[in-house]
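What follows draws every value from the coordinates through simple rules; no lab data is involved. Since the structure is predicted, the reported quantities are computational estimates derived from the model, not experimental observations. Cβ: placed from backbone, ideal geometry, glycine included. Neighbour counts: every protein chain shown.
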Amino acid sequence: MDSKLLRRALLLVTLFVAFIFILILWLNGIFTPKQDSSSGKNASTDTVADESGMIIGSDLDAWKSDETFFDANKIGDGKYENEAGIGVVLTASSVEKDLRIRILDDKGKLISGKKFTVTIGNTMDVTDEDMDGVIHVTDLTPGDYTISMAMEPGYVVPTTPLICNVKAKIDYRVIDDISYLIKTEAEIDPEVDDTAVNDAATETMGVSSVKTVDGAVFGIDVSKYNGYIDWDKVKASGVDFCIIRCGYRGSSTGAIVEDPYFRTNIAGATAAGIKVGVYFFTQATNSVEAIEEASAAVNLVEGYKLSYPIFIDSEGAGGRGRADNLDVNTRSDILQTFCETVRNGGYTAGVYASKNWFMNRLDITRLSADNVIWLAEYNDAVSYGGTYQMWQYSSNGSVDGIEGRVDMNLSYLDMAEN
């Protein structure tokens, strides 16, 4: 085939291929104007605008304001339809012939602001009247009880009843879930709840100097009232140990409250190389509350290294305290219950009180011999005739690193680490 004929053949083939390609495009509507289904107008020439004048489809960020874009459960009005509601969890514990029921959400937090009602034993309906998420029922007959809750709008309540054993008598065990009872001072009124008054100061006149006694080591005790403390200076001044207030029960409301300086104090003292113990100011009126206070103290010291006991501080609240007028036997039993519970929690336990209280407002025979006795008697020498292992000899001391007065102590203990 000559070259001229070859060129003609190639041209015809090219034209044929082009024709087929154009035909395919035409059959697929590429060259046909699209019609608007509602108006019959050509979409290529007519546009539709919204109320603001913007052409619909021209805003490429419109999906960001569409609440239904990612979630099929969100409906056109933009409101999330949560059919399930808030999940409710019930927990319960017993110390002695009582039930303390906690109403929690699915994150483990108390649900407050709602008057939930629970049914105990299928017959007793009890309502959370103060809406704090806790229901406490006392004077129950020992045994197993079922606890259930009726349907509540907006909540998913447990369908299987909770079973809890009401104890017949106290077994001096730390309450595992006590942390929910421990409040901060922001949740109470310290002016009416933190009102401890030590009558040792009115009995004798204490000295302000550091004592040096053979066989004893010098220490101090502190609380929020001592303010900010420079623990390195305290250590350099000769302080070997410090008993730190970890908390107190409100003398008016009965709330269990963490001392706002406790964690700062125990961390600072430990870092400075000072041995530490703690004390808890009691306003318990019965043994059940004593177990709560001991459990709170054990909970608060978790994670810290103690070389001295956990003490229960027994003193008055200026005549206005809920426990000020307890009889001798009841008060003594409360202190013993606290100490037994602390020991069962794995710590050494002790009792702090003034000479007057040990002699007149406590029955020392109701306290076991394994309790460490911390005596408050502000004098040059002890006149108390009973046994003691620590002596608070002044509340008018002065120690470098602490502004103002500080309590001064001597310890005759050779305490091993707990």
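Remark: spin-label model distance Ile86-Thr365 equals 5.4 nm, labels positioned 7 Å along the Cα→Cβ axis. Among 228-237, 158-167, 373-382, sorting by the average number of other beta carbon atoms lying within 10 angstrom of each residue, highest first, gives 373-382, 228-237, 158-167.
What fraction, in whole percent, of alpha-carbon pairs in region 178-411 exceed 26 Å separation?
On the way: 8440 of 27261 pairs.
Across region 178-411, Cα pairs with separations above 26 Å total 31 percent.
Taken over region 339-383, the alpha-carbon convex hull comes to 81 cubic angstrom per residue. For region 321-356, backbone nitrogen atoms closer than 14 Å to the point 7 Å from Thr253 Cα along Cα-to-C-beta are found at no residue. Applied to region 136-141, the Karplus parametrisation 6.51 cos²θ - 1.76 cosθ + 1.60 on θ = phi - 60° returns per-residue 3J(HN,Hα) values of 10, 10, 10, 6, 8, 6 Hz, with x for Gly and Pro. Computed from backbone phi, the HN-Hα couplings of region 291-307 come to 5, 4, 5, 5, 5, 5, 4, 4, 5, 5, 8, 4, x, 10, 9, 9, 10 Hz, rounded to whole numbers (Karplus: 6.51 cos²θ - 1.76 cosθ + 1.60, θ = phi - 60°; Gly and Pro given as x).
A compact globular protein would have a Cα radius of gyration near 2.2 N^0.38 Å; the ratio found for region 137-265 is 1.62. Each listed q (0.11, 0.14, 0.15, 0.21 Å⁻¹) maps to a log10 I(q)/I(0) for region 86-166, found by the Debye formula over equal Cα scatterers with no solvent: -0.25, -0.40, -0.47, -0.93.
State the extension gain, in nm to one decimal, for the chain segment bounded by Glu129 and Phe16, taking 0.36 nm per residue of separation less the distance between their alpha-carbons.
Values: separation 113, 0.36 × 113 = 40.68 nm, distance 9.12 nm.
Difference between extended and current length: 31.6 nm.
For Gly316, neighbours were defined as the other residues whose beta-carbon sits under 10 Å from its Cβ, and their charges (Lys and Arg +1, Asp and Glu -1) total -1. Across region 95-101, coupling constants 3J(HN,Hα) worked out from phi with the 6.51/-1.76/1.60 Karplus curve, θ = phi - 60°, read 9, 7, 6, 9, 9, 10, 9 Hz, and Gly and Pro carry x.
Which of the peptides 170-182, 131-143 is most tightly packed, and how do the rest follow, going by the mean number of other Cβ atoms within 10 Å of each residue?
Values: 170-182: 16.7, 131-143: 14.1.
Highest mean packing first, the order is 170-182, 131-143.
Summarising the amide proton neighbourhood of Leu375: residues at separation of 5 or more, or on other chains, whose placed amide H is nearer than 5 Å comprise Gln389, Met390, Trp391, Gln392.
Ser237: net charge of surrounding residues, Cβ under 11 Å, Lys/Arg +1, Asp/Glu -1, itself excluded? Intermediate results must be reported in sequence, preceding the final value.
Working: positive: Lys233, Lys235; negative: Asp230, Asp232, Asp240, Asp400.
In short, -2.
Tally Lys and Arg at +1 and Asp and Glu at -1 over the other residues with C-beta under 9 Å from the C-beta of Ala255: what net charge comes out? Mind dumping the intermediate values first?
Values: positive: Lys183, Arg249; negative: Glu187, Asp193.
In short, 0.
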